[in-house]
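In what follows, a single structure is set out as C-alpha cells and then discussed.
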Amino acid sequence: MKHIAVLGSTGSIGTQTLDVVRKHPEMMDVVALACGSRIDLIEKQAREFCPEIVAVYDEKAASDLAVRLADTNVKVLGGMDGLIEMCRIPTADVVVTAIVGMIGIRPTIAAIEAGKDIALANKETCVCAGHIILPLAAEKGVKILPVDSEHSAIFQALQGRAGSEIRRILLTASGGPFRGRTREELMNVTAAQALAHPTWSMGPKITVDSASMVNKGLEVIEAKWLFDVDVDQIEVVIQPQSIIHSAVEYEDGSILAQMGPSDMRIAIQYALTYPLHLPSPAVPLDFRTLAGLELGVPDNETFRGLPLAISAIRTGGSMPVVFNASNEWANAIFRRGDISFLQIYDVIEDTMSRHSVIAAPTVDEIFAVQDEIDAYCEEKYNS
C-alpha cells in the first residue's frame, strides 16, 4: 500500500490524482490533503478519504474547515506552516505537489527533507529552485517523478536507457487555442478565449500559460533540471492533437516517443505506480479513428513566452525566478481583464531587462525577488 499526500487536492491535477486513487484502492490511500482556500471541495474529499491531516493555506478558511470537520478525527492546519507540516507527515510515502505557483517551493523542500518521494506537478519548483531541489533530492535519496504529461513522456522514454547518450529531447506542445494566429489577431483576445484549450482540461493559470506558450517555456526549464541536459538539447515541437506527449532522440538516431490520450491521469498514475503501467481511468486511444498526426514548429515571434523562457535559463541564477514571477502576476491580471494578452510578454520582458541577477539564490532570495517583481508590476501596470 502506497500512502499519498496531495498538495493542491482541489485543483485540476489534485482532483485527477484522487480519481487514480479511486481506481486502485487496493494499492494506495490518502493520508493528507492540502489546498489554497476551496474548503467546500476539500471537506468533501476529507470525508471521502479520511486523511490524517488537511491543510489550508488561507488561515481563515482553515479555521472554518476545522469547525466543519469537528465531527471527524481529521487534524486541520492552516497557513504555510500547515502546508509544510502536511508534507512532512510521517505516514506518507509520496507527496503529489499539485499546487500552482511558487507557493509550492517551501512545502516541496520540506517533503524532500523528510525523505518523501515527489510526484512533481508544480513546475515552478524546478523553474525557480531547480539548483536547490535536484541536489537536495539526490542527497536525501528521494525520487522526483514527473507528473506533467510531457515530462512523464520523456521519463518513460528514458527507461532502459542504460549508458546511451541523449542527442535531443523533443518536447511537444499543442500550440494552445491561438495556434496559427498573428499578433494582430491576438491584440483583442479575451481571457475566456484563452481559457478554451483545444485538447487539455487544466486549471485557469496553466491554460492561459499554454495559450501564451509561457507554459512550454517553463517546461523547457523544468526539463533542463529534471533530465540534466543543456537547453540546446531541448527542441519544442508543435503537435496539435496532443497524442505524442514527447520523445527522446538518442545518438544513433533512434527516437522513442510516448503516445496516448490527452488525459493527465495516465501521467499521474505512472508517477504513483512507477515502474508499473496499470489500468487507468483514461479512455484508451483508438487508432482506428485517428485521422493523422500533425507536427510543426513554434512561432516564436508571435508567441514570445518560449524564447523569453529560454533567454531566462541561459542567463541562469535568479532570472528564471523573474520570468516566472512576472508571468504569474501578468497572467492573473490578464484573467481579471486589466491588461491585454500581448501585454503579458511586455511585462515579462520589462522585468527581466531591469533585473540584477543573483547567481545562486537561496529560498529566501527567491521569494524576495518575487516580492520585488510584484511590487514593481503593481506600481507600473496596475496603478
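Distant-in-sequence amide contacts of G78, defined by a placed amide H-H separation under 5 Å and a gap of 5 or more residues or a different chain, comprise V56.
Peptide packing: for 202-212, 230-240, the average count of neighbouring Cβ atoms within 10 Å per residue gives the ranking 202-212, 230-240, highest mean first.
If only the Cβ of Lys and Arg carry +1 and only the Cβ of Asp and Glu carry -1, the dipole of region 263-344 around its Cα centre is close to 160 debye. Per-residue ellipticity at 222 nm, computed for the chain from helices alone with -39500 (n - 2.57) per DSSP H run of at least four residues, works out to -14000 deg cm²/dmol.
In this structure, the amide hydrogen of I238, modeled 1.01 Å from its nitrogen in the peptide plane, lies closer than 5 angstrom to those of A173, G296, V297, counting only residues at least 5 positions away or on a different chain. Taking a straight Cα-Cα cut-off under 25 Å and skipping sequence neighbours fewer than 8 places away in the same chain, the lysines within cross-link reach of K123 are K2, K140, K143, K205, K216, K224.
Under a GNM of the chain (C-alpha, springs under 10 Å), which listed residue has the highest mean-square fluctuation: R183, R304, R88? Residue with maximal mean-square fluctuation among R183, R304, R88: R183. In the calculated pair-distance distribution of region 2-146, the portion above 22 angstrom amounts to 31 percent of the Cα-Cα pairs. All C-alpha pair distances within region 230-345, sorted into 10 Å bins from zero, spread as 10, 27, 34, 24, 4, 0 percent across the bins. Across region 171-219, Cα pairs under 8 Å and at least six residues apart give a relative contact order of 42 percent.
Over region 163-241, the fraction of Cα-Cα pairs per 10 Å bin, rounded to whole percents and listed from the shortest bin up, is 17, 44, 27, 10, 1, 0.
The charge dipole of the chain, taken about the Cα centre with unit charges on the Cβ atoms of Lys, Arg (+1) and Asp, Glu (-1), comes to about 720 debye, rounded to the nearest 20. Percent of C-alpha pairs per 5 Å bin in region 81-175, short distances first: 2, 13, 22, 23, 19, 11, 6, 3, 1.
Restricting the calculation to Cα atoms, region 223-277 yields a radius of gyration followed by a Dmax of 12.9, 32 Å.
We did not get these values from a lab; they are worked out from the coordinates using the rules stated. It should be emphasised that the depicted structure is a prediction, and the values quoted were computed from it without experimental measurement. We place every Cβ from the backbone using ideal geometry, glycine too, and count neighbours over all the protein chains shown.
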